[in-house]
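Sharing a structure here in structure tokens format.
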Amino acid sequence: LVMIGALQDVTRRKQAERLVLRQNQVLELIASGAPLKRTLAEIARLVESQLPGSACVVTLLDDDGQVIRGSIGPSLPDAYHELVKGIRIGEGVG
């Protein structure tokens, strides 16, 4: 009896498949008109899934782009989001 076999590491392929699945889920949220906060939180989670150990935050600015109106980052504590709200940004500040 002769057996021949081959082993192949499929880790990268599986990771790529999960990434495409997550990207499609985000696109579905956008296409369905899901609430902005939910969509941005899912984008942050997607980024974090690609950068293990990271915490992603999306910062929302007021209309003139000078003051932080809010932030969305599901891995960060609520205290962080409250702390940055209202901070001015720009050259020499922020």
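Based on what the data block shows, is Ile30 β-branched (Val, Ile, Thr) and in contact with a Lys or Arg (Cβ under 8 Å, 6 or more places away or on another chain)?
Details: β-branched (Val, Ile, Thr): yes; in contact with a Lys or Arg (Cβ under 8 Å, 6 or more places away or on another chain): no.
Against the criterion (β-branched (Val, Ile, Thr) and in contact with a Lys or Arg (Cβ under 8 Å, 6 or more places away or on another chain)), Ile30 does not qualify.
Right, something else. For the condition at pLDDT 95 or above and not in a loop (DSSP other than H, G, I, E, B), what is the one hit in Glu82, Glu17?
Values: Glu17 fails: at pLDDT 95 or above.
Within the list Glu82, Glu17, the selection yields Glu82.
Kindly indicate the residue of the range 1-23 that is of a type in the set (Val, Ile, Thr) and within 21 Å of Arg45 (Cβ to Cβ) and also surrounded by the fewest Cβ atoms within 10 Å (Cβ to Cβ) among those meeting that condition. Outline the logic, then answer.
Let us first name the residues in the range 1-23 that are of a type in the set (Val, Ile, Thr), namely 2, 4, 10-11, 20.
After this cut, where a residue has to be within 21 Å of Arg45 (Cβ to Cβ) as well, the list is 11, 20.
Working: Thr11: 8, Val20: 10.
Only one residue fits best here, namely Thr11.
With respect to the numbered conditions (1) out of contact with any Ser or Thr (no Cβ under 9 Å at 6 or more places or on another chain); (2) open to solvent by less than 50 Å² (accessible area, probe 1.4 Å), which one is the sole condition not fulfilled by Ile68?
Among (1) out of contact with any Ser or Thr (no Cβ under 9 Å at 6 or more places or on another chain); (2) open to solvent by less than 50 Å² (accessible area, probe 1.4 Å), the lone unmet condition for Ile68 is (1).
Can I ask one more? What are the residues in the range 85-94 that are open to solvent by less than 70 Å² (accessible area, probe 1.4 Å) and either assigned to a loop (DSSP other than H, G, I, E, B) or modelled with pLDDT of 95 or more (or both), if any?
Matches in the range 85-94: Gly86, Ile87, Ile89.
Among the residues of the range 68-89, write down those that are under 17 Å from Arg45 (Cα atoms) and among the aliphatic types (A, V, I, L, M).
Ile72, Leu76
Among the residues of the range 24-57, write down those that are over 17 Å from Gly70 (Cβ atoms), in a helix (DSSP H, G or I) and open to solvent by 80 Å² or more (accessible area, probe 1.4 Å).
Across the range 24-57, the qualifying residues are Leu27, Glu28, Ile30, Ala31, Ser32, Arg45, Gln50.
The values are calculated or read from the model by the stated rules, or taken from the named source; none is laboratory data. Quick caveat, the model's predicted, so the values are computed rather than measured. When we count neighbours, we look across all protein chains shown, and the Cβ atoms used for this are built from the backbone with ideal geometry, even at glycine. Ligands, DNA and RNA are excluded from the accessible area calculation, which covers all protein heavy atoms including side chains. Shrake-Rupley method; radii C 1.70, N 1.55, O 1.52, S 1.80 Å.
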